[in-house]
Amino acid sequence: MITPLDIQSKQFKRSLMGYNTKEVDDYLDAINDNYEMLYRENIELKDKIGVLTDQIRQYNNLEETLKSTLVIAQSTADDVTSSARKKAELIIEDAELQAKNRIDEAKNEVRNIMKEYDYLKKEIFIFKTRYESFIKAQLISINEFYKDYENKNQSNEINLDEENMDESENLKEIDHLGA
């Protein structure tokens with residue numbers, strides 16, 4: 001590539017019927033100025049391109065980092081979600097197991113209470129039957145005692161009546177004897 005310095009230092013050979021040197025020098029000076037300006041602008045643009053390329057590289061690195069971070073975050077979120085689901089399932093299973101155990105315990109307690117209730121009903125029935133039997137036996141004993149008492153009273157009354165009759169007959173006989 002030709003630099004502005006190359007254009008400025010370029011020397012042409014002179015010939016007898018050649019160009020007007022002043023015009024050629026003026027024209028070369030104008031080209032040199034324009035080329036120098038373009039050359040500087042080109043260097044500045046290359047520097048800017050370099051800076052922008054570095055920034056793009058940094059942004060690309062940042063983008064890659066963000067992508068990998070998002071992938072890791074998504075993976076972590078999936079792991080946390082999965083772990084939370086498993087933990088929730090375990091908690092639910094544990095709660096269901098505890099509920100089943102409590103229900104079983106309650107059912108067993110109800111069975112035991114029902115057994116005790118049936119036992120108490122039988123005991124009450126046995127007590128009632130025994131008490132009724134006892135009362136009936138006592139009534140029978142009282143009735144028998146009363147019958148015995150009545151029979152003895154009737155016998156005593158008969159004996160008394162007989163004794164009274166015997167005494168009256170004896171008195172009558174005594175009266176017949178001459179009294």
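For residue 126 and residue 72, the difference between the fully extended length at 0.36 nm per residue and the C-alpha to C-alpha distance is 11.5 nm.
Within the full protein context, the accessible area of residue 24 is estimated at about 50 Å² for a probe radius of 1.4 Å. On a 0 to 90 degree scale, rounded to 10, what angle separates helix 21-176 from the longest Cα axis of the chain? Tilt relative to the chain: about 0 degrees. Checking every one of the GluC sites (Glu not before Pro) in the range 95-143 against DSSP loop status and a limit of 12 other Cβ atoms within 10 Å picks out no site at all. Residue separation of residue 80 and residue 27 scaled by 0.36 nm, minus their Cα-Cα distance, works out to 11.5 nm of gained length.
Relative to the current alpha-carbon distance between residue 3 and residue 45, full extension at 0.36 nm per residue lengthens the span by 13.5 nm. Size descriptors for the range 1-77, from the alpha-carbon set: Rg then Dmax equal 25.8, 88 Å.
Less than 23 Å apart at the alpha-carbon level, and either on another chain or at least 8 residues along: which lysines does that give for residue 136? Straight-line reach from residue 136, under 23 Å: 121, 122, 128, 147. Springs between alpha-carbon pairs under 10 angstrom, Gaussian network model over the chain: which of 46, 86, 107 fluctuates most? Fluctuation is largest for 46.
Residue 9 contributes about 70 Å² of solvent-accessible surface, heavy atoms of the protein only, 1.4 Å probe.
Per residue, the chain reaches -34500 deg cm²/dmol at 222 nm when only DSSP H runs of four or more residues are counted, each adding -39500 (n - 2.57). Carbon-plus-sulfur accessible fraction, the chain (probe radius 1.4 Å, protein heavy atoms only): 58%.
For semi-axes √(5λ) of the Cα gyration tensor in Å, the value computed from the atomic coordinates appears in the list (i) 72, 18, 12; (ii) 158, 12, 6; (iii) 28, 18, 14 under label (ii). Per residue, the accessible area of the chain comes to 95 Å² when a 1.4 Å probe rolls over the protein heavy atoms.
The values are calculated or read from the model by the stated rules, or taken from the named source; none is laboratory data. Just so we're clear, the structure is a prediction, and the values are computed from it rather than from any experiment. As a convention, Cβ positions derive from the backbone with ideal geometry for all residues, glycine included, and neighbour counts pool all protein chains shown. Ligands, DNA and RNA are stripped out before the accessible areas are found, and what is left, the full protein with its side chains, is counted by its heavy atoms. Shrake-Rupley method; radii C 1.70, N 1.55, O 1.52, S 1.80 Å.
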